[in-house]
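Heads up, the thing below is written out as structure tokens.
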Amino acid sequence: MTYHNIKVSVDHKIATVLVDRPKKLNALNKETIAELGSVIDNLCGDESVRVIVLTGAGNKAFVAGADIAEFAHFSKEEGQELSQRGQEELFDKIELCPKIVIAAINGYALGGGLELAMASHIRIASENALMGLPEVSLGVIPGYGGTQRLPKLIGKGRAMELISTASMIDAEKACDWGLVNSVVPQDQLMDTAIKLALKISSNSSTAISNAIDAINAFDQEGGFQREIENFGHCFETEDFKEGTQAFLNKRKPNFG
Ligand code: CAA
């Protein structure tokens, strides 16, 4: 697939995916969602990739939301389809990806942009980042998982407030609320994300995929059972042999 709205590069087993529509503040139109969904599929299945870093082009926006111009005239059915397809084609895929996805939030992360970051496993923000779900100011609600993922990250009360006021919060407050893991100066954002990705990539990829699956089940019935099963799966892997033998032989593991 040729991409028109995203750029992808891979270095040292770390894939960087850049949403590249800076003139529209990287807003997610249908084509961009499809391209991102396709690249996530490819990278999830690519053995040469360990971690995925998502970011936005330019220094102003990560992603300023779904493309408003594209859905302004939609009917109820078209609105539902937009939400459902977006969730299935992209947002759920990111959350379920067996490799860690890091959102490097380099500016505005609004609406679908914040939802993209929230579907990712880890979020790092630059100091200038502003985040919010402004959908109710447009007469609509978050449709790419925002009403479900935001309360999980920051609690129901704060999610109610952020969504109903359509306000933006800065990176410091987002970190204080647990919406992002850390905040760094903008010129250090990508280095920080890549360093974190490299640290993750030195560990067992099979163990990490089992951990992601179990952590994703943390708020579901059966989460503890999922942990038990995935813990057991790990014992059948080469990585488990390598990791434990390396420890017992006082050497560093090599997970290939
Ligand atoms: N959709 C479409 N175009 C967008 C956009 C969006 N979400 N966000 C920005 N743009 C476009 C602007 O229309 C403008 O294009 P033109 O130059 O062609 O006019 C360009 O990007 C630059 O934007 P601004 O001139 O508005 O830049 P600014 O610095 O004055 O303001 C901003 C920045 C505060 C982020 C403002 O652009 C803004 O409020 N954007 C919309 C944010 C928003 O409401 N996002 C939620 C979308 S709905 C959604 O995401 C639904 C869902 O959950 C599925």
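Coordinate-derived values only; no laboratory data. Since the structure is predicted, the reported quantities are computational estimates derived from the model, not experimental observations. No Cβ is skipped: glycine too gets one built from the backbone with ideal geometry, and neighbour counts run over all protein chains shown.
Enumerate by residue number the chymotrypsin sites (Phe, Trp or Tyr not before Pro) in segment 176-241 meeting two conditions: DSSP loop (anything except H, G, I, E, B), and at most 14 other Cβ atoms within 10 Å of the site's Cβ.
F218, F235
Put +1 on the Cβ of every Lys and Arg and -1 on every Asp and Glu Cβ in the chain; which of N106, N42, S167 then has its Cα farthest towards the positive end of the dipole?
Farthest along the dipole direction, towards plus: N106.
Which of these, G113, G45, G37, has the largest mean-square fluctuation under a Gaussian network model of the chain (Cα springs below 10 Å)?
So, out of G113, G45, G37, the one fluctuating most is G45.
Report the FRET efficiency, 1/(1 + (r/R0)^6), for D41 and I228, where r is their Cβ-Cβ distance and R0 is 30 Å, rounded to 0.05.
The pair D41/I228 has a calculated efficiency of 0.55.
To the nearest 20 debye, what charge dipole does segment 1-58 have about its Cα centre, counting +1 at the Cβ of each Lys and Arg and -1 at the Cβ of each Asp and Glu?
Numbers: 7 positive and 7 negative charges, 60 e Å.
Roughly 280 debye for segment 1-58.
Could you work out the helix-only [θ] at 222 nm for the chain, with each DSSP H run of four or more residues adding -39,500 (n - 2.57) and the total divided by the number of residues, to the nearest 500 deg cm²/dmol?
Calculated from helices alone, the mean residue ellipticity at 222 nm is -13000 deg cm²/dmol.
Farthest toward the dipole's positive end in segment 205-248, which of F218, I208, T244, given Cβ charges of +1 (Lys, Arg) and -1 (Asp, Glu) about the Cα centre?
Comparing the listed Cα positions along the dipole, T244 ranks first.
About the Cα centre of segment 108-171, what is the dipole size in debye to 20, counting +1 per Lys and Arg Cβ and -1 per Asp and Glu Cβ, all else neutral?
The calculated dipole for segment 108-171 is roughly 260 debye.
Using only the alpha-carbon atoms, how far is helix 238-248 inclined from the longest principal axis of the chain? Give it as 0 to 90 degrees, nearest 10.
Rounded to the nearest ten degrees, it is 60.
If only Cα atoms are counted, what is the Rg of segment 88-236, and what is its Dmax, in Å?
Just the Cα atoms of segment 88-236 yield Rg and Dmax of 16.2, 52 Å.
Please get the size of the charge dipole for the chain, origin at its Cα centre, with Cβ charges of +1 on Lys and Arg and -1 on Asp and Glu, quoted in debye to the nearest 20.
With only Lys, Arg, Asp and Glu charged at Cβ, the dipole is about 700 debye.
Which of the trypsin sites (Lys or Arg not before Pro) found in segment 162-256 are loop residues per DSSP with 12 or fewer other Cβ atoms within 10 Å of their Cβ?
K250, R251
Checking the a/c ratio against 1.5 first, then a/b against b/c, what shape does the Cα gyration tensor give for segment 178-225?
Because a/c hits 1.5 or more and a/b fails to exceed b/c, segment 178-225 counts as oblate.
Restricting to DSSP loop positions (anything but H, G, I, E, B) with no more than 12 other Cβ atoms inside 10 Å of their own Cβ, which GluC sites (Glu not before Pro) remain in segment 6-111?
Values: sites: E31, E35, E47, E70, E77, E78, E81, E88, E89, E95; in loops: E47.
Passing both the DSSP loop test and the Cβ count: E47.
Spelling out what I want: for every residue of segment 159-168, take phi, set θ = phi - 60°, compute 6.51 cos²θ - 1.76 cosθ + 1.60 (Karplus), and round to whole Hz; glycine and proline get x.
Rounded to whole hertz, the list is 5, 4, 5, 4, 6, 6, 8, 6, 7, 9.
For each pair in K30/K152; K60/K156; K24/K60; K23/K60, compute the distance between the two Cα atoms and list the pairs where it is over 20 Å.
K30/K152; K60/K156, as the Cα separations exceed 20 Å there.
Rank H233, H121, H73 by mean-square fluctuation in a GNM of the chain with C-alpha springs under 10 angstrom and give only the top-ranked residue.
Of H233, H121, H73, the most mobile in the Gaussian network model is H73.
In units of 2.2 N^0.38 Å, what is the alpha-carbon radius of gyration of segment 6-201?
Rg over 2.2 N^0.38 Å, computed on Cα atoms: 0.94.
Going Cα to Cα from K99, which aspartates and glutamates come in below 16 Å? Please leave out same-chain ones fewer than 8 positions away.
D11, D41, D46, E47, D213, D239
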